[in-house]
Amino acid sequence: MKSNKKFEIPFLVIICALLCHNCVKSDDFDIPQTACSDAIVATKTIDAIFNIATTEVKKYTSGDVIEGFVISSDQEGNFFKNISVQTLDGAIGLTVPIDQTDLYTLYNPGRKVLIQLQGQYIQLDDNMLEIGSLFIDNFQNEQVGRIANPAFENIVLKSCETVDEEQLINNININQIKDSHLHTLVELSDVQFVQASIGKRFYESDDNISNGTNHLIQDASGASLIFRTSAFANFAQLKVPEGNGTIRGVLTKSKGMYQLIPRTTEDFKLSKERIRVGFADVITGSQITINDLRKLYNGTNTTITEEIFIEGIVTLSGFETNNISSKNAFIQDGTGAISLSLLANNTLEEGMLLKIGVQGLLLSKYKGLLEVEVTQNQDIQFINENQILPDPLLITIEDLLSDAFQSQLVKIDSVQFENENGTYSGSQIITDCLSTANLRTNSEASFSNNPYPSGNGTIVGIATHENSAQLLLRDETDVIDLNQERCTISTEPITTIFFSELADPNNNSAARFIEIYNSGTESVNLRNWQIKRFTNANTTSTVSIDLSGSIISPNQAFVIASNAVEFENIYGFAPNLAAGTGSPADSNGDDNLVLIDPNGAIIDIFGVIGEDGSNTNHEFEDGRALRNSSINQGNPIYIFSEWQLWNDTGGAGTTNLPQDAPGVFTPGVR
């Protein structure tokens, strides 16, 4: 058998040469030539087949033929066992999976092919037309699969006609890309790889997605597109070029995202100087500080009408880190900072000096964080890069919780993670053993699953707010020298917090309040502290107030109102906390109240649980209960002599003298 084949080879070569002589260009030396034929003609258009195809696999039974021109090439390994074919005008394309490698030797770019449809299967996958054999996966799902070897040569027929590839190109920009360009040859001008890709290889094993790496290319407007390189491409280990220029390739789609597949290194010509992407040309107006900008917020969505701008340095950007959205950044000047909410993915980098025109922009709060909504290529002018960042402001956890430094770069000394061991991911509690706050790390951050240090030290970050004040890391290096000895959180009850005044005004039930007082010398974080109400003679708590998120300063009163609006109308200032109708602060004077610390210990009590207060020595209905000024700590047992009580009954030694608000009530003062 071997000897016979050896003798057959010269004869076959001669026949092949004769058949191919008039089917190829004379200068097409690098593509091995095989027989071509123009014996059959197309009976249908690609567009006609696209219009009858659906997302379900369908067998084509008619003896139709379509024609198109090959635009793909597996010569350098970035395509594998498939060809892309389009119409001459580039109006529509398709893909044909074939169980054969080195397809470029048969179907080189520019080669016209005719596809015999009878017996083949068609399908729209992500709105891309596929033609091939039937494939049934392990879950019995039908798909369009590869045409077998060697049967494919009788299905995808090689025409003798070729055209110059330049005739097939769709010259478009990224914003013009649409589904009709799928599996057509497109060329993008004045594009470049994003900065994050510069210096990396076309294929990075650390960024592997289905045996490939997705880089981003972008144009001057900031529009971006995935540039995909297979792990098996000949150029996979080459470095991504940093220049600007043209990129050509076959447009495809994966999971709804457009992506460009280059065929060879000749498809990208990036010899021009990089351009600054996605910024406005010139911003005009009068400059104000970021602090002045924050003051323009009027408590609700605020549109800025003046022609003004701010300047500042980017301290954190979602373009460079996965710890915030790619549509967010923070900018800071010498007076303050603000969050930028961008309408599209941004290209801002840490250390950039920017000018932002804010006329017509919206100031709003998202989950408590004040932000300005901007469009990068319209509202932001690039001034300079690699600027020195502001020094982090030294603050305490209490300062962080006050929101006074919102969006600024800050640092907190002598702090530690409350749980000694764990990872950064999610919301972790940090503490200085006096107060606590949340430190947030998105699960997508590169360091989110890394263990944090167990000691005490310094943490740097952005003071932000997401339903509550919290600290946001830029990266893991913001956790500095957490190797010192941990501080110890006292488990001893704090008895310097106690009830100091209770109010059920005779003339206005909406003016009810509870006042607690801190007689100590240090602030107390009320995280996980509660006030429970035992209505009338109930022996179980009916309602409670969670005091978390509040801090009570030394020698200060803390007022909790049932109706914040009415409280301010009556007493002339806002309460520290609005508890709402039906809360413990909304007691009608015959209920019992308990102050409980985070460990569940009763720190103070008013009344006798299980006993209705009516006509007792713990009734303040239509009146007032005032703690004697000599009392400086809570008491887990109710002692009548510690109080003065006014009500509408005068029972059990109390005073029958209803009290009107504001009258003698003294919320906030002891």
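A few points about this structure:
- Simple rule: put +1 on each Lys or Arg Cβ and -1 on each Asp or Glu Cβ in segment 226-286, find the dipole, and look at LEU238, SER286, LEU270; the Cα lying farthest toward the positive end is LEU238.
- Excluding exposed DSSP-loop chymotrypsin sites (Phe, Trp or Tyr not before Pro) (at most 15 other C-beta within 10 Å), longest clean stretch of the chain: 233-572
- Seen against the Cα atoms of the chain and their longest principal axis, helix 2-20 is set at about 90 degrees.
- The relative contact order of segment 86-178, computed from alpha carbon pairs under 8 Å that lie at least 6 residues apart in sequence, is 36 percent.
- Mean Cα-pair separation over length for segment 211-278, i.e. relative contact order, pairs under 8 Å, 6 or more apart, %: 35
- Cβ-defined net charge surrounding ASP475, 11 Å radius [Lys, Arg +1; Asp, Glu -1]: -3
- Only lysines eight or more places from LYS239 in sequence, or on another chain, were considered; those with a Cα closer than 29 Å are LYS81, LYS200, LYS253, LYS255, LYS269, LYS272, LYS327.
- Alpha-carbon centroid distance for the pair segment 87-138 / segment 359-430, whole angstrom: 52
- Accessible surface of the chain [probe 1.4 Å, protein heavy atoms]: carbon and sulfur percent: 47
- Mean-position separation - Cα centroids, segment 162-207 and segment 320-351, in angstrom: 28
- Using C-alpha pairs under 8 Å with a sequence gap of at least 6, the mean separation divided by the residue count of the chain gives a relative contact order of 7 percent.
- Charge sum, other residues only, whose C-beta stays under 15 Å from THR302's C-beta, Lys/Arg counted +1 and Asp/Glu -1: -1
- Per-residue ellipticity at 222 nm, computed for the chain from helices alone with -39500 (n - 2.57) per DSSP H run of at least four residues, works out to -2000 deg cm²/dmol.
- Where segment 173-256 is the region considered: accessible area per residue in Å², 1.4 Å probe: 42
- Residue-normalised accessible area of segment 465-550, expressed per residue, 1.4 Å probe, Å²: 45
- Loop-located trypsin sites (Lys or Arg not before Pro) in segment 326-420 (DSSP state not H, G, I, E or B) with no more than 13 neighbouring Cβ atoms inside 10 Å: LYS367.
- DSSP-defined beta bridges in the chain - what % are antiparallel, rounded to 5: 85
- Within the shell defined by Cβ-Cβ distances under 10 Å, the residues around GLY336 carry a net charge of 0, with Lys and Arg each +1 and Asp and Glu each -1.
- Across segment 599-608, rounded Karplus estimates of 3J(HN,Hα) from the backbone phi angles (6.51 cos²θ - 1.76 cosθ + 1.60, θ = phi - 60°) give 8, x, 7, 6, 8, 8, 8, 10, x, 10 Hz, Gly and Pro being marked x.
- Cα-centred dipole magnitude for segment 89-200, charges only on beta-carbon of K, R (+1) and D, E (-1), debye, nearest 20: 120
- Summarising the amide proton neighbourhood of GLY368: residues at separation of 5 or more, or on other chains, whose placed amide H is nearer than 5 Å comprise ASN467.
- Given the alternatives [x] 34.6, 115; [y] 36.8, 126; [z] 24.5, 81, Rg and Dmax of the Cα atoms in Å as computed for this entry is given by [y].
The values are calculated or read from the model by the stated rules, or taken from the named source; none is laboratory data. Predicted model only: the values in this text are computed from it and were never measured. With ideal geometry, Cβ positions are generated from the backbone for all residues, glycine too; neighbour counts draw on all protein chains shown. Each accessible area value is taken on the protein alone, full model and side chains, heavy atoms only, with ligands, DNA and RNA left out. Shrake-Rupley method; radii C 1.70, N 1.55, O 1.52, S 1.80 Å.
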